[in-house]
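The values are calculated or read from the model by the stated rules, or taken from the named source; none is laboratory data. Source: prediction; values computed, not measured. Note that we place each Cβ from the backbone using ideal geometry, even for glycine, and neighbour counts take in every protein chain shown. When the accessible area is computed, the model is the full protein with side chains, heavy atoms only, and any ligands, DNA or RNA have been set aside. Shrake-Rupley method; radii C 1.70, N 1.55, O 1.52, S 1.80 Å.
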Amino acid sequence: MLTRYAVILAAGQGTRMKSKLYKVLHPVCGKPMVQHVVDQVLKLNIKEMVTIIGHGAEDVKSQLGEKSSYALQAEQLGTAHAVMQAKEILSGKEGVTVVVCGDTPLIRSETIEALFAHHEQTEAKATVLTAWANDPTGYGRIIRNGEGFVEKIVEHKDASLEERNIHEINTGTYCFDNKHLFEALQNVSNDNVQGEYYLPDVIEILKKQGETVSAYQTADFGETLGVNDRVALAEAERLMKLRINEAHMRNGVTLIDPLNTYIGPDVIIGQDTVIYPGTILAGKTVVGAENKLGPGTEIKDCQIGDLTVIRQSVAHDSVIGSHVNIGPFAHIRPQSDIHDEVKIGNFVEIKKAVFGKASKASHLSYIGDAEVGSDVNIGCGSITVNYDGKNKFLTKIEDGVFIGCNSNLVAPVTIGKGAYVAAGSTITEDVPGEALSIARARQVNKENYVQNLNIKK
Ligand code: UD1
Ligand code: CA
């Protein structure tokens, strides 16, 4: 196999997006477009990947991290000029270079792999990935000669009326013989309507030099969609969502309403999990088998076991075990660790808390900065008082404890194993194991006192 290099074009501002956010950082199904592209390219055994950055250079760099090298294109003079910035890193190297635009988030590694294969098979110096577009407006058109071979690519703005009737478009993904690419780039001019150095002109240059140039047409136009404005962004979102959801359904996940289910590209879901409408699964969430999630539930960066139910709730950055029952209307905030068989009920907020096996907080509680043992019952309305306005403190509730309703546990405090806190208590000191703690004023009943109160009846 030839050594493979990749260049990702990501320096443009994306004027047509009308946004503060740089174009390639706009998310599709929760992941920035350029990250989608890079993740696909990285599956291809690439020796070195160079991302061309310009607008938002630092932001793009911190998004993509160290898997890529970077070349700065200080002024955006066109896609050929962009690739030229990789010269110092790549020129003179033996191998084949794939160039992909950072604004084509739906491109799949399988398609680029097929492009590589076609490139090698035809022994071409350049191979362009094309697609047939229903509406080719805005794309570069593929001009073929009488024998069907590619002659050149004409940008929409430069195209004649006749050329604009061509539906075969340049997807913006290409393979090049690396040495030929950098030599040809030196001959690209900016003599066109936009006054830019066009990368597609390399095709015509090589062709005129008598080199073999080929084209590989993919059947799926959707995969090559270039996002230049928010209308295309919404279309990319729609197509990506269909692709992701279909893959999960084929893997044995039930989506009651796939059009109204939002699953991030990196989410993993086990068989026979059922996802109800209005549910968002985001980030690096991993869901086991036979869970019921939703309706109306948002889960981000969580790990969830099997046979768990989460309804109308929000959970972030937490671990949730098996046979757990959460919601409706619960909020699991970051760094929570909820063990098997736990129940977190209506209007309960959990933050940075461990919940041991089979413990329950069924109604109206706030449990933050806490270590709750197993088989604990936290009564309705009980809360951990974890914050004094400056610092946060830990509440420890050991195994088998029963916290009566509407209790305040003022941290730092420990409730010993098997202890019992009477309803309405405000606990400020540790409670020993097996003790009953009552921390509230004793009730006084004054018989017939109401008649002395001089209240008008
Ligand atoms: C480009 C192609 C067009 C193709 C289409 C596919 C050219 C001249 N045209 O058009 O044939 O049909 O993609 O989607 O290449 N960029 C830079 N530096 C620059 C200019 C652009 O890094 O100086 C980056 C942009 O950030 C973007 C990508 O290159 O990610 C493509 O640029 P864009 O301006 O969107 O090109 P299109 O007009 O869509
Ligand atoms: Ca584009």
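In plain terms, the chain from residue 44 to residue 1 could stretch by 14.3 nm, reckoned as 0.36 nm per residue minus the Cα-Cα distance. Computed from the C-beta positions of residue 74 and residue 423 and an R0 of 45 Å, the FRET efficiency is 0.10 to the nearest 0.05.
Split the accessible area of the stretch 252-334 by element, probe 1.4 Å, and carbon with sulfur accounts for 55%. Projecting the Cα atoms of 450, 55, 159 onto the dipole axis of the chain, where Lys and Arg carry +1 and Asp and Glu carry -1 at the beta carbon, places 450 farthest toward the positive end.
222 nm [θ] for the chain, helices only, -39500 (n - 2.57) per DSSP H run of 4+, per residue, to 500?
Mean residue ellipticity, 222 nm, calculated: -5000 deg cm²/dmol.
Counting only protein heavy atoms and a 1.4 Å probe, the chain has 48 square angstrom of accessible area per residue. Per atom type, the stretch 4-224 shows carbon and sulfur on 45% of its accessible surface, probed at 1.4 Å. The modelled label-to-label distance between residue 163 and residue 333, using points 7 Å beyond Cα along the C-beta direction, is 5.9 nm. In summary, the lysines within cross-link reach of residue 179, defined as a Cα separation below 19 angstrom excluding same-chain residues under 8 places away, comprise 47, 87, 93, 125, 207, 208. Distance between the 7 Å Cα→Cβ label points at residue 440 and residue 229: 6.3 nm. Based on alpha-carbon atoms, the Kirkwood radius and the radius of gyration of the stretch 305-457 give Rg/Rh equal to 1.10.
Within straight-line reach of residue 396, meaning a Cα separation under 24 Å, sit the following lysines at least 8 residues removed in sequence or on another chain: 343, 351, 352, 357, 360, 417.
Distance from the Cα centroid of the stretch 364-431 to that of the stretch 144-186 is 69 Å (rounded to whole angstrom). Just report the Cα centroid separation between the stretch 53-125 and the stretch 220-246, whole Å. If we compute the Cα centre of each part, the gap is 21 Å. Share of antiparallel DSSP beta bridges in the chain, in percent to the nearest 5? Here the antiparallel bridges make up roughly 15 percent for the chain.
Our coupling estimate for the stretch 209-214, obtained by passing each phi through the Karplus curve with A = 6.51, B = -1.76, C = 1.60 and θ = phi - 60°, is 7, x, 7, 7, 10, 10 Hz, Gly and Pro reported as x. In whole percent, how big is the carbon plus sulfur part of the accessible area of the stretch 357-445, probe 1.4 Å, protein atoms only? Looking at the stretch 357-445 in its full context, I get 51 percent from C and S. Modelled spin labels at residue 388 and residue 212, positioned 7 Å past Cα toward Cβ, are 7.9 nm from each other. Computed on the Cα trace of the chain, the radius of gyration divided by the Kirkwood hydrodynamic radius gives Rg/Rh = 1.19. Using θ = phi - 60° in the Karplus curve 6.51 cos²θ - 1.76 cosθ + 1.60, the 3J(HN,Hα) couplings for the stretch 128-133 round to 9, 8, 10, 8, 9, 10 Hz; x is entered for Gly and Pro.
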